[in-house]
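The values are calculated or read from the model by the stated rules, or taken from the named source; none is laboratory data. Here the structure is a predicted model, which means the values were calculated and not measured. Ideal geometry is used to build each Cβ from the backbone, glycine not excepted, and the neighbour counts take in all protein chains shown. Side chains included, ligands, DNA and RNA excluded: accessible areas come from the protein's heavy atoms. Shrake-Rupley method; radii C 1.70, N 1.55, O 1.52, S 1.80 Å.
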Amino acid sequence: MNVLITASSRGIGFNVARELLKRGHSIVISSSNIDNLKKAYEKLRDFGNVEYFKADLLVKEDLKRLVKNAWEALGSIDALIWNAPNVRCEPCMVHEARYMDWAEASLLHLASPGYLTTLLVQAWLEKKMKGVIIYLSSASVLEPMPPLLLADSARAGLIQLAKGISRSYGGRGIRAYTVLLGSFDTPGARENLAKLAEERGIDPEEFWRREVVERTPLKRTGRWEELGALIDFLLSENAEYMLGSTIVFDGAMTRAVNL
């Protein structure tokens, strides 16, 4: 399957790309940072067919160009895996947020994935193709974490979007899912926790252990092969009847019951 993955030069997006390449998919990775993107490409190209394109997810023309370039590079796009970086002010509390912080959160976590969805659904309908969209979100939309409230308020809408896309277009082979992720050991997660630890005068490693590792009964973060296997399944026809589903993938970290 030909898969476009956004924000994939490092962290979750990069590791998902690697896992899907190992499983035989062709991948386009993207990032707004060309240096990180080139480094990621060098690490990934031995695993399979991978292309890369620079794209700022906050810029409409970059989104259109990304779809065009990815389609031309792979011959088609069969699936989108939406991943997004942090809002730049985060971790930040609501009383610290400026208007542009809210605007960035809304663009990054709802408007941009929504617009990419529109572009791809239009193409799939025109070409009478099937398609899969997987929105990578956070389990904190079920149990809010105050320093990430800007992002979580915006990306909560992805659950509605996935269900609506599946109900509207599922009969024509277009399906969508939302995956609510728990903790993974990524540079972004480490950076966020380090900022909070510094503000509170706590050792970063101790803070990581308490706020991440100890929050799940497994006493560990998620493993990339686990996430890769889940996404590979959602891309397959075996997941067709699950269209529109919200999958909580958090090691029982959150206390919320997802009905």
Check whether at least one residue in the range 103-125 is modelled with pLDDT of 95 or more and part of a loop (DSSP other than H, G, I, E, B), and report yes or no. no
Based on what the data block shows, is I134 crowded, with 21+ Cβ neighbours inside 10 Å and not aromatic (F, W, Y)? yes
Return a yes/no flag: does the range 158-167 have any residue that is open to solvent by 30 Å² or more (accessible area, probe 1.4 Å), under 17 Å from the mean Cα position of the chain (by Cα), of a type in the set (D, E, K, R) and within 25 Å of L110 (Cβ to Cβ). yes
So which residues in the range 97-109 are closer than 25 Å to A70 by Cα and open to solvent by 70 Å² or more (accessible area, probe 1.4 Å)? L107
Looking at the structure I just gave you, is E143 under 24 Å from C89 (Cβ atoms), in a helix (DSSP H, G or I) and among the charged types (D, E, K, R)? no
So in the range 78-96, with the set limited to residues that are open to solvent by less than 10 Å² (accessible area, probe 1.4 Å) and of a type in the set (A, V, I, L, M), which one is nearest to the chain's Cα centre (by Cα)? I81
Whichever residue in the range 206-230 is in contact (Cβ under 8 Å) with a residue 60 or more places away in the chain and among the aliphatic types (A, V, I, L, M) and, among such residues, is surrounded by the fewest Cβ atoms within 10 Å (Cβ to Cβ): A229
Which condition breaks for R255 when tested against (1) touching a residue at least 60 places away in the same chain (Cβ under 8 Å); (2) farther than 20 Å from V141 by Cβ; (3) basic (K, R)? (2)
Which of the residues belonging to the range 63-88 are without any contact (Cβ under 8 Å) to a residue 60 or more places away in the chain and either within 13 Å of E51 (Cβ to Cβ) or in a helix (DSSP H, G or I) (or both)? L63, K64, R65, K68, N69, W71, E72, A73
F233 passes all but one of (1) open to solvent by 60 Å² or more (accessible area, probe 1.4 Å); (2) over 17 Å from the mean Cα position of the chain (by Cα); which number fails? (2)
Among the residues of the range 146-177, which ones are part of a loop (DSSP other than H, G, I, E, B) and in contact with a Pro (Cβ under 7 Å, 6 or more places away or on another chain)? none
